[in-house]
Amino acid sequence: MIRRLSILILALLISPSLIGQINPAPERTEGEGPWTQLIIRGVTLINGNGAPPISPVDIVVEKNRIVDIQVVGYPGVDIKPADRPQLKSGGKELDANGMYLLPGFVDMHGHIGGEAQGVDAEYVFKLWMAHGITTVRDPSASNGLDWVLDQKKKSAESKITAPRILAYTGFGQGSDKPISTTQMAREWVQNNAKKGADGIKFFGAAPDIMQAALEENKKLGLRSACHHAQMSVAQWNVLHSAKAGLTTMEHWYGLPEALFTDRTVQNYPLDYNYNNEQHRFGEAGRLWQQAAPPFSDKWNSVMNELLELDFTLDPTFNIYEASRDLMRARRAEWHETYTMPSLWKFYQPSKISHGSYWHYWGTEEEIAWKQNYLLWMTFVNEYKNRGGRVTAGSDSGFIFQLYGFAFIRELELLREAGFHPLEVVKAATLNGAEALGMEDQIGTVEVGKLADFVILEVNPLENLKALYGTGAIKLTDENEVVRVGGVKYTIKDGIIYDAKQLLKDVEKMVADEKAKTDFVITQPGMEKD
């Protein structure tokens, strides 16, 4: 009975009846290119491989591929123009002197909107692209696999303004009935591969089903991700998944459970109900304190085993940040301009909306979560220090986290965890590419790879806030407050997009929606009659 109940609950999380399709992106009208030749002149290159910045550099692109990278002088001293790459007839030059160029960002956990949030694909895609995100892994394919594959194809053909998309189907999605046997699991995995999915997103299941599905998926050459939901984690934690062939763990669920030494389940209150969002997230914030302490024998043993398995951590720190500081997340400065009214309403306290767990969120919950973060970040940072792969994922569209902006916040939180800014860039680029099996195509600026770049006028290593669409606040020598930064150009497949114009497009979308109902952002319980 317990096995059947677990299968039913997990199936409901991804049931086709709960999947609502949003409007797909319209035909692309933005961007210039690609060209037979594009030369980006004099830029400072911050590569995704951990190397320090170097300038001036000329980067040559033909159509959508990098064909040459040349250092063309020294700081303040350029070599003779005749010795630099020469522009061919019909080519395009982009003067990037004084600017900074990074590989396109890889968001490892990007849901493409959702019916509950009431936002369309164009809104989500433009927010991502405006923040330099050129590749996104969509876990669960929550708009349906066929819909996501259609958007993936159109993005690959540059028919829409969107990042490159990888579709990871939610395990069991599209099945007529819950998967209850290993044979059903293997058959579903085989059919998922035949449909063209790039991988699978798991939420957990009975151990024999997880084992069979992961083994079959790996045999077929597909990759996988897992949110180890509480309904199955007591029997199957991160260590079980890693041994069975899981590619990446999402968030952190399942990891503390693998670190238990004096218990087998977390210390749930006896009136706990998983369907109560305050219970679910409130108790999640007390979980790390029940695990083995940092650098203990158990802690080291689990970490070393995950390292030996070449396992990837995709922490998505940002999506839980409201748990430790609700007011900060709720009052983020971009909400007024860029958050859709329907999305703002979705964020508000609710017994129905996922992640809207502010039933009576208080000081005790926030303090517990702050302690949770310290222990969580300690593990993730040390995992990186020992050679483990850590990626950057946002999981936006929930808990006051807005598409694009939340990815940059994830970079800041990796920095808080102890990553050097160059390690942050590596997590956001090359590490993601490796986890996707695409390191030969994206992740670093190298000859032969796809022309995916992020260009801005401010050094992001000095201040990651310069990557936000709203930029960073700076006081000038003349005592004037200005905004600096924000991505200037996002280049995907050799096409140059004006990132700031993409943000203006989003601003207009939001303004138009607000005008329909005279909507104004207010705080819960403080609305005027």
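The values are calculated or read from the model by the stated rules, or taken from the named source; none is laboratory data. All values derive from a computational prediction rather than experimental measurement. Don't worry about glycine lacking a Cβ; one is built from the backbone with ideal geometry, like all the others, and counts go over all protein chains shown. What goes into the accessible areas is simple: the full protein's heavy atoms, side chains included, and nothing from ligands, DNA or RNA. Shrake-Rupley method; radii C 1.70, N 1.55, O 1.52, S 1.80 Å.
Some observations on this one:
- Apart from one condition, Phe398 fits all of (1) in a loop (DSSP other than H, G, I, E, B); (2) open to solvent by less than 10 Å² (accessible area, probe 1.4 Å); (3) in contact (Cβ under 8 Å) with a residue 60 or more places away in the chain; the exception is (2).
- The single condition among (1) open to solvent by 10 Å² or more (accessible area, probe 1.4 Å); (2) in contact with a His (Cβ under 7 Å, 6 or more places away or on another chain); (3) under 18 Å from Gln289 (Cβ atoms); (4) not acidic (Asp, Glu) that Gly254 does not meet is (1).
- Test: residue in segment 76-95 that is touching a residue at least 60 places away in the same chain (Cβ under 8 Å) and within 19 Å of Ile495 (Cα to Cα): yes
- Residue within segment 388-396 that is of a type in the set (S, T, N, Q) and under 29 Å from Val61 (Cα atoms) present: yes
- Residue within segment 426-441 that is under 30 Å from Arg331 (Cβ atoms), open to solvent by 10 Å² or more (accessible area, probe 1.4 Å) and either in a loop (DSSP other than H, G, I, E, B) or at pLDDT below 95 (or both) present: no
- Matching option when the condition is open to solvent by 70 Å² or more (accessible area, probe 1.4 Å), modelled with pLDDT of 95 or more and within 24 Å of Gly98 (Cα to Cα), among Val481, Val458: Val481
- Only one of Lys351, Lys298 that is modelled with pLDDT under 95, out of contact with any Pro (no Cβ under 6 Å at 6 or more places or on another chain) and farther than 26 Å from Ala472 by Cα: Lys351
- Among (1) of a type in the set (S, T, N, Q); (2) at negative phi; (3) modelled with pLDDT under 95 - the single one Gln211 does not satisfy: (3)
- Filtered residues of segment 252-268 (kept if hydrophobic (A, V, I, L, M, F, W, C) and part of a loop (DSSP other than H, G, I, E, B)): Trp252, Leu259, Phe260, Val265
- The one condition in (1) surrounded by 17 or more Cβ atoms within 10 Å (Cβ to Cβ); (2) farther than 28 Å from Lys351 by Cβ; (3) in contact (Cβ under 8 Å) with a residue 24 or more places away in the chain that Arg263 fails to fulfil: (1)
- Filter result for Ala130 (modelled with pLDDT under 95 and either among the small types (Gly, Ala, Ser) or in contact with a strand residue (DSSP E or B) (Cβ under 8 Å, 6 or more places away or on another chain) (or both)): no
- Only residues that are more than 22 Å from Gly437 (Cα to Cα), buried (at least 18 other Cβ atoms within 10 Å of the Cβ) and among the basic types (Lys, Arg) were counted across segment 141-198, and they come to 1.
- The residue pairs whose first member lies in segment 501-529 and is over 20 Å from Phe405 (Cα atoms) and touching a residue at least 40 places away in the same chain (Cβ under 8 Å), whose second member is open to solvent by 90 Å² or more (accessible area, probe 1.4 Å) and of a type outside the set (D, E, K, R), and whose beta carbons are closer than 9 Å, counting only pairs six or more residues apart or on different chains, are Lys514/Val520.
- The helices (runs of 4 or more DSSP H) located wholly in segment 272-340 that include 2 or more residues which are within 22 Å of Ala258 (Cα to Cα) and in contact (Cβ under 8 Å) with a residue 24 or more places away in the chain occupy 277-284, 297-308.
- Any hit, segment 48-56, residues being modelled with pLDDT of 95 or more, among the polar types (S, T, N, Q) and crowded, with 22+ Cβ neighbours inside 10 Å: no
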